[in-house]
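Note sheet for the following structure.
The values are calculated or read from the model by the stated rules, or taken from the named source; none is laboratory data. Here the structure is a predicted model, which means the values were calculated and not measured. As a convention, Cβ positions derive from the backbone with ideal geometry for all residues, glycine included, and neighbour counts pool all protein chains shown.
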Amino acid sequence: MMSRHILPPIRVGLLVAWTALILYGTLKTSPFSSGAGGWIGAWGRRLGIPEAVQADAFHFVAYAVWAWFLAGVIAVGYLRPFARRHLAICIGLLIVMSATQEALQFLNPTRTSSVGDFALNVVGGGLCLLARGVVLPKGTARRKA
């Protein structure tokens, strides 16, 4: 039986991979210029969604998913509630990650950083953490028999 304090590699791997994807997108001229981003951008244009709205939605959703993966690592399980100190750690790391991405965009001559994007990142991740707290109130963790 695995100790609950040992992090399963899959949760850590998902968090690292998603973090790398976000930071890699920061290095691109446009997140919609190639690969999956290009496909998503083309799909959004066919639906008549302006690229600026798509970019804002990307910031919001990307950080909501990142916060979910982070909370899964911190709580040692995606469906496990965590203490307030764990929530504080998640919020702090969310702010650091968002600031790091915007700093990298500032250093990239083909991109611009934005306080609005930073706020979208933090709000997306924060709402995910809030929803997680509402859906998984303290004491609802699954227990093994």
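Filter segment 111-127 down to residues that are in a helix (DSSP H, G or I) and not aliphatic (A, V, I, L, M) and give me whichever is surrounded by the most Cβ atoms within 10 Å (Cβ to Cβ).
Gly125
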Six or more apart or on different chains, Cβ under 6 Å: which pairs go from a residue in segment 126-139 that's farther than 14 Å from Ile89 by Cα to one that's modelled with pLDDT under 90 and surrounded by 13 or more Cβ atoms within 10 Å (Cβ to Cβ)? Could you list them?
-> Leu136/Pro81; Lys138/Pro81
Inside segment 55-99, the number of residues satisfying the requirement of being among the hydroxyl-bearing types (Ser, Thr, Tyr) and in contact with a Ser or Thr (Cβ under 9 Å, 6 or more places away or on another chain) is 1
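For every residue, the table says whether it meets (1) charged (D, E, K, R); (2) surrounded by fewer than 18 Cβ atoms within 10 Å (Cβ to Cβ); (3) closer than 20 Å to Leu23 by Cα; (4) at pLDDT below 80.
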position: Arg45; (1), (2), (3), (4): yes, yes, no, no
position: Gly48; (1), (2), (3), (4): no, yes, no, no
position: Phe58; (1), (2), (3), (4): no, no, yes, no
position: Tyr78; (1), (2), (3), (4): no, yes, no, no
position: Pro109; (1), (2), (3), (4): no, yes, yes, no
position: Arg132; (1), (2), (3), (4): yes, no, no, no
Of all residues in segment 80-107, which are among the hydroxyl-bearing types (Ser, Thr, Tyr) and surrounded by fewer than 20 Cβ atoms within 10 Å (Cβ to Cβ)?
-> Thr100
Within segment 67-104, the count of residues that are assigned to a helix (DSSP H, G or I), over 15 Å from Leu130 (Cβ atoms) and not aliphatic (A, V, I, L, M) comes to 8
Looking only at segment 33-54, decide whether some residue is assigned to a loop (DSSP other than H, G, I, E, B), in contact (Cβ under 8 Å) with a residue 24 or more places away in the chain and either over 28 Å from Pro8 (Cβ atoms) or under 18 Å from the mean Cα position of the chain (by Cα) (or both).
-> no
